[in-house]
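Here is the structure we will look at.
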Amino acid sequence: MSAVSSSPIPAVLAKLGPLNPDDTSDLRLFLEKVPDPRSRRGRWYSLTSILLVCAAAAVSGARTIDELAEWGARADAGLLATLGVRRHLLRWRHAPSRSAIGRVLERLDTGALDAAVGAWLAHRHTDTTTTVSGGRRVIAVDGKALRGSARQARPRRHLISAVTHSCPVTLAQAEVGSKTNETRHFQPLLAPLDLEGDVITFDALHSVKANVTWLAETKKAHYIAVIKPNQPTAWTQLDALDWHAVAIAHTASNNGHGRRESRSIKTLAIADNLGGIAFPHAKLALRMHRRRKQTGRKETRETLYAVTSLDAHQATPAELASHLRGHWTVEAQHHIRDRTFAEDASTVHAGNAPRAMATLRNLAIGALKTLGATNIAKTTRAIRDQPRRALPILGIAYNPDLNGT
């Protein structure tokens, strides 16, 4: 970090690493693949320079389009030059205005932007994403509504994402219109990703036979599918198994946030020659039992059934329990987007801007989390106070010799 600034390094940033741009992938190389939606006439800022200003501002905690532009206005000429912002005819170097950024985000090919950001995160942080034995990634598929994006007759936007467990890196994202459309976007979302050998987790909404067959046969991936009573054949078969004769394979408990929680899991092999189960490629049946006691409230109990294509020799009961619980880690990313980046309060609604802003938040969270950040709010505040520190996080070396005068 000494190459970035001679000022003292805040403690929250000193814990991050590696921050040497020579050791990280340069975001510019990925953003250059995003097509420019503007006509050639009248362009002053390159699309890459505008997107880099937005990315650096997002890493600094910017929550709105106004704040993206304000970050650029605070940046000095050398910083803007490093991001590719050209000088004007009078040799001034100004960051893109709020209206310029807004127009670009509204018209942007957000599918291409999601692909570029997802590829950068996957390429840069392959070694730091959570894996299981055998080098498998564990990836959750889940959806999120952009609550403030609704306007008059137009409903709120709804996104579906593929996010790695534990350390939340968004590998892919797509807009689906509404939650009920998530199922048919499952395959298009995951199609561009190399998932061979990975484990995909999803809730009951996506526990559709066509999707799991495609995962197992086309993508060569494993799955853990939650089964609920809305799939009566499979659920009845799972509920009818002799679970009382099966010993508990793994237990875990934790205390915190005013509650005590304990979980146990039982696993049972599904033998094809004994009839199997009405779910393709299923090897193990899982029964998770959870007990939760919150301060001042009665204890609650919940039983969850799931099936997986993993065999007993491919994953231990402890790993299976971790994967089931880890699926909800994606909710922690949603919490950061809502609390730190105020996504639910955002009223951005025009064109493709809501999805583009969500992608910038994914970029910031993924980049910082895989560098070891434990408190995104504190980390973004530290970067905001010293804007140049955003550059090495994006894989860009700051060049103080560039100036805008």
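The values are calculated or read from the model by the stated rules, or taken from the named source; none is laboratory data. Only a predicted model underlies this, so the values are computations on that prediction, with no experimental measurement involved. Cβ placement follows ideal geometry from the backbone for every residue including glycine, while neighbour counts extend to all protein chains displayed. Ligands, DNA and RNA are excluded from the accessible area calculation, which covers all protein heavy atoms including side chains. Shrake-Rupley method; radii C 1.70, N 1.55, O 1.52, S 1.80 Å.
Quick notes on this structure:
- By accessible area, using a 1.4 Å probe on protein heavy atoms only, the range 55-118 has 51% of its surface on carbon and sulfur.
- Translational diffusion of the range 239-397, µm² s⁻¹ [Kirkwood Rh, Cα pairs; Stokes-Einstein; 4 °C; 1.567 mPa s]: 66 µm²/s
- Lys/Arg +1, Asp/Glu -1 at C-beta; the chain dipole; positive extreme among PRO317, PRO387, GLN152: GLN152
- Magnitude of the charge dipole, the range 336-405, Cβ model with Lys/Arg +1 and Asp/Glu -1, debye to 20: 160 debye
- FRET efficiency, 1/(1 + (r/R0)^6) with R0 25 Å, evaluated for ASN255 and THR303 via beta carbons: 0.70
- If only the Cβ of Lys and Arg carry +1 and only the Cβ of Asp and Glu carry -1, the dipole of the chain around its Cα centre is close to 1320 debye.
- Placing R0 at 51 angstrom, the Cβ-Cβ distance between THR218 and HIS88 gives a FRET efficiency of 0.50 after rounding to 0.05.
- Computed accessible area, GLU261, all protein chains, 1.4 angstrom probe, square angstrom: 10 Å²
- Whole-number percent relative contact order across the chain, with pairs defined as alpha carbons under 8 Å at least 6 apart: 26 percent
- Per residue accessible area of the chain, 1.4 Å probe, in Å²: 46 Å²
- The alpha carbons of the range 32-94 occupy a box of 32, 28, 19 Å along the principal axes, longest dimension given first.
- Long-range amide H partners of ARG157 with built H, under 5 Å: LEU146, SER149, ALA150
- Length added when fully stretched, ASN375-ARG147, from 0.36 nm per residue minus Cα-Cα: 79.7 nm
- Size descriptor, Kirkwood hydrodynamic radius, that averages inverse alpha-carbon separations across the range 283-323, Å: 11.8 Å
- Reduced Cα scattering model of the range 141-267, Debye log10 I(q)/I(0), q = 0.15, 0.16 Å⁻¹: -0.93, -1.01
- Karplus (6.51, -1.76, 1.60) ³J(HN,Hα), θ = phi - 60°, over the range 205-217, in Hz, Gly and Pro reported as x: 4, 9, 7, 10, 4, 4, 5, 6, 5, 4, 4, 6, 8
- For the chain, the calculated P(r) over all alpha carbon pairs, in 10 Å bins from 0 to the bin holding the longest distance, is 4, 21, 28, 23, 14, 7, 2, 0, 0 percent.
- HN-Hα J in Hz across the range 142-149 - Karplus 6.51, -1.76, 1.60, θ = phi - 60°, x for Gly and Pro: 7, x, 8, 8, 9, 4, x, 8
- Modelled label positions at ALA312 and ALA397, each set 7 Å beyond Cα in the direction of Cβ, lie 5.6 nm from each other.
- Amide H contacts under 5 Å for LYS283: THR308, SER309, LEU310, restricted to partners 5 or more places along the chain or on a different chain, H placed in the peptide plane at 1.01 Å from N.
- The charge dipole of the range 177-299, taken about its Cα centre with unit charges on the Cβ atoms of Lys, Arg (+1), Asp and Glu (-1) only, comes to about 800 debye.
- Extension gain, GLN187-GLU70: 0.36 nm per intervening residue step, less the Cα-Cα distance, totals 38.2 nm.
- Exceeding the 20 Å Cα-Cα cut-off - candidates LYS220/LYS369; LYS228/LYS266; LYS219/LYS283; LYS144/LYS220; LYS219/LYS369: LYS220/LYS369; LYS144/LYS220; LYS219/LYS369
- Percentage of interatomic Cα-Cα distances in the range 164-224 larger than 14 Å: 57 percent
- q = 0.18, 0.25 Å⁻¹: log10 I(q)/I(0) that the Debye formula gives for the range 258-344, counting C-alpha atoms only: -0.90, -1.17
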